[in-house]
1. Might you check whether a residue that is assigned to a loop (DSSP other than H, G, I, E, B) and either modelled with pLDDT of 95 or more or β-branched (Val, Ile, Thr) (or both) occurs anywhere in region 132-141?
2. Just wondering, is there one or more residues in region 120-128 that are assigned to a helix (DSSP H, G or I) and either without any contact (Cβ under 8 Å) to a residue 40 or more places away in the chain or not hydrophobic (A, V, I, L, M, F, W, C) (or both)?
3. Only residues that are in contact with a Leu (Cβ under 8 Å, 6 or more places away or on another chain), farther than 18 Å from Gly219 by Cβ and of a type in the set (D, E, K, R): list them for region 265-304, please.
4. Could you say whether any residue in region 177-186 is buried (at least 21 other Cβ atoms within 10 Å of the Cβ), of a type in the set (Gly, Ala, Ser) and under 25 Å from Gly300 (Cβ atoms)?
5. Which of the residues spanning region 228-271 are over 22 Å from Val295 (Cα atoms) and acidic (Asp, Glu)?
6. Among the numbered conditions (1) within 29 Å of Ala86 (Cα to Cα); (2) of a type in the set (A, V, I, L, M, F, W, C); (3) in contact with a Leu (Cβ under 6 Å, 6 or more places away or on another chain); (4) crowded, with 21+ Cβ neighbours inside 10 Å, tell me where Leu215 comes up short.
7. Could you check region 173-215 and list, in sequence order, the residues that are over 15 Å from Ala252 (Cβ atoms) and among the charged types (D, E, K, R)?
Amino acid sequence: MEDGPVFYGFKNIFLTMFATFFFFKLLIKVFLALLTHFYIVKGNRKEAARIAEEIYGGISDCWADRSPLHEAAAQGRLLALKTLIAQGVNVNLVTINRVSSLHEACLGGHVACAKALLENGAHVNGVTVHGATPLFNACCSGSAACVNVLLEFGAKAQLELHLASPIHEAVKRGHRECMEILLANNVNIDQEVPQLGTPLYVACTYQRVDCVKKLLELGASVDHGQWLDTPLHAAARQSNVEVIHLLTDYGANVKLRNAQGNSALDLAAPKSGVEQALLLREGPPALSQLCRLCVRKCLGRACHQVIYQLRLPEPLERFLLYQ
């Protein structure tokens, strides 16, 4: 009985300390949220993203500040979305990470929702704190319809290097149709992103054979990868014989070395199909192959269209077009 007051005294002290700690932690989060808003307003998106990650434990977006419009766009609920717009909801509302409803619609591949938002003034080139545009999200989802709608409303197909690249994302995920639409809108086919390399390098890294074929067909530089690492190096690492054959057919230099001094052959697994394919290409190419490469080089990136205009015999035309 004598210990009763002492016990309750310690209990009160413990509860007070716990409440103080909780309040202090909450105060820090409020301060960081205000600081994030300050950096967003000032345009320092990278710092804002870093702080947002500290607040939300690495979660890519703050779900607490998503509006009903975000939810309708993300779920493709067109009627609900149009109702909210008719009620006067701002179509350009963004979360703390600058994610708009248009970003959500494109990520879900909901073209009708995306078009409704654009027709009501949604910012077509809005950028999140992570550098993603609605066009990037559309390429991520593989929605060619969304890509076309965004481009019709003035989306920039070619973005600055510090922003997430739509064409690299399309290639990475094997969305060939999205890739072709972007290339038709004058995206640089050999754009090298520091952390990813060129679109062809990405296609080889992720073994997107259809994308590799189309990029080579449209004139992508066969030896341009990620700095000194070539697409052939990437294909050798992935042990993809089909991609090795495609690259060497289009004139890839098997003797080029990367920053570590390795050739593609050095990276190939011993006694593998890739090693055999590379060994066969180490000697001088056939005269017909040299002539094909020379003709295609002279015609440039437009060779695919020009060859049809030359009215060559069909067998020769098919040979030059790798058909």
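The values are calculated or read from the model by the stated rules, or taken from the named source; none is laboratory data. All figures in this text were calculated on a predicted structure; none of them were measured in a lab. As a convention, Cβ positions derive from the backbone with ideal geometry for all residues, glycine included, and neighbour counts pool all protein chains shown.
1. yes
2. Going residue by residue through region 120-128, those that are assigned to a helix (DSSP H, G or I) are none.
Scanning region 120-128 turns up no residue that is assigned to a helix (DSSP H, G or I) and either without any contact (Cβ under 8 Å) to a residue 40 or more places away in the chain or not hydrophobic (A, V, I, L, M, F, W, C) (or both).
3. Glu275, Glu282
4. No, every residue in region 177-186 fails to be buried (at least 21 other Cβ atoms within 10 Å of the Cβ), of a type in the set (Gly, Ala, Ser) and under 25 Å from Gly300 (Cβ atoms).
5. Within region 228-271, Asp229, Glu242, Asp266 meet the criteria.
6. (1)
7. Arg173, Arg176, Glu177, Glu180, Glu192, Arg208, Asp210, Lys214
Residue-wise test of (1) of a type in the set (Ser, Thr, Tyr); (2) modelled with pLDDT under 95; (3) out of contact with any Ser or Thr (no Cβ under 6 Å at 6 or more places or on another chain).
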| residue | (1), (2), (3) |
| --- | --- |
| Thr95 | yes, yes, yes |
| Arg98 | no, yes, no |
| Phe153 | no, no, yes |
| Ile167 | no, no, yes |
